[in-house]
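Everything on this sheet refers to the single structure shown next.
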Ligand code: NCD
């Protein structure tokens with residue numbers, strides 16, 4: 001693995017499998033009564049969030065804390081950023097305070113690259129979403145969830161539906177899933193597909209009904225109103241009718257297929273409430289898996305890319321348990 005996690009394009013198949021396998025081991029350890037591991041004791045992880053987020057920020061915070069790292073949450077609101085401080089000055093300030101890893105979310109595509117490569121910081125940088133570009137840990141937790149349910153990703157058919165144009169989740173997923181051997185189909189109205197989509201390693205369709213029966217997993221995307229300036233579709237009703245997942249459409253999925261959503265959901269728009277709460281929905285599991293996957297990423301980056309979490313973390317885990325019991 002590289003020094004930073006900026007894009008799923010940077011992950012080889014071996015890197016991705018290492019992260020997913022490490023997350024599996026961590027998930028097993030997290031099922032024990034004492035969830036905390038001492039692995040990153042004394043290390044500092046900064047959550048640098050310039051854009052609103054609930055689950056991703058909390059998930060990284062829980063992940064770092066479960067590994068015993070010190071966590072500093074830095075959000076743009078209420079900080080000097082709202083007084084006009086730049087990404088550079090913020091980075092230099094955090095660097096001076098001795099951050100080992102910086103988890104960054106920013107509305108500008110490329111912000112995480114800039115932070116990692118401009119020489120402002122020596123920390124490991126993890127991209128937690130940059131503009132409409134990438135969100136690699138989301139794709140990793142999605143792959144983790146699919147692998148668990150579908151028994152592997154090679155040859156599995158994954159359908160991603162909705163606002164692909166504004167979705168860093170879709171971009172990261174397409175790349176990672178292609179690396180892992182899955183077949184991806186994107187479904188969206190033509191207005192919500194990016195220019196150059198022909199070069200992506202996936203199929204494209206405008207007709208959800210024809211793709212649903214051939215899907216092992218279907219991932220619904222939120223329509224990102226906050227990133228839109230004009231009208232991308234006639235009405236919400238029209239959008240839901242053609243590109244939303246309701247019970248009737250879900251019934252056409254193969255028997256073991258799963259329904260996914262990265263959150264936040266707009267119930268009634270891209271997904272109906274009954275589908276979101278149905279037995280096929282793994283949306284809540286995705287959130288839980290996010291913690292294990294982010295623990296694996298932080299662990300692998302900060303502990304020098306050890307090839308397996310096994311003996312090291314397991315040993316520490318015992319020490320912690322003995323200590324806690326004493
Ligand atoms: C997504 C994001 O922020 O890119 N959410 C997330 O990280 N769980 C998708 C979205 O905002 O719709």
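The values are calculated or read from the model by the stated rules, or taken from the named source; none is laboratory data. A quick note: this is a predicted structure, and the numbers were derived from the prediction, not measured. Glycine also receives a Cβ, built like all others from the backbone with ideal geometry; neighbour counts cover every protein chain displayed.
A compact table of results
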item: Within the stretch 203-310, strands (runs of 3 or more DSSP E) holding 2 or more residues that are closer than 30 Å to residue 27 by Cβ; result: 217-220, 258-260
item: Flag if residue 134 is surrounded by 24 or more Cβ atoms within 10 Å (Cβ to Cβ) and either closer than 22 Å to residue 287 by Cβ or in contact (Cβ under 8 Å) with a residue 24 or more places away in the chain (or both); result: yes
item: Qualifying residue in the stretch 247-260 (condition: crowded, with 16+ Cβ neighbours inside 10 Å and within 15 Å of the ligand (Cβ to nearest atom)); result: yes
item: Qualifying residue in the stretch 15-32 (condition: in contact with a strand residue (DSSP E or B) (Cβ under 9 Å, 6 or more places away or on another chain) and either within 16 Å of the ligand (Cβ to nearest atom) or closer than 19 Å to residue 113 by Cβ (or both)); result: no
item: Extreme residue, surrounded by the fewest Cβ atoms within 10 Å (Cβ to Cβ), among residues of the stretch 33-67 that are out of contact with any helix residue (DSSP H, G or I) (no Cβ under 8 Å at 6 or more places or on another chain) and assigned to a loop (DSSP other than H, G, I, E, B); result: 33
item: Sole residue being out of contact with any strand residue (DSSP E or B) (no Cβ under 9 Å at 6 or more places or on another chain), buried (at least 19 other Cβ atoms within 10 Å of the Cβ), touching a residue at least 24 places away in the same chain (Cβ under 8 Å) and not assigned by TED's automatic domain parsing to the domain that holds residue 108, chosen from 177, 192, 221, 186; result: 192
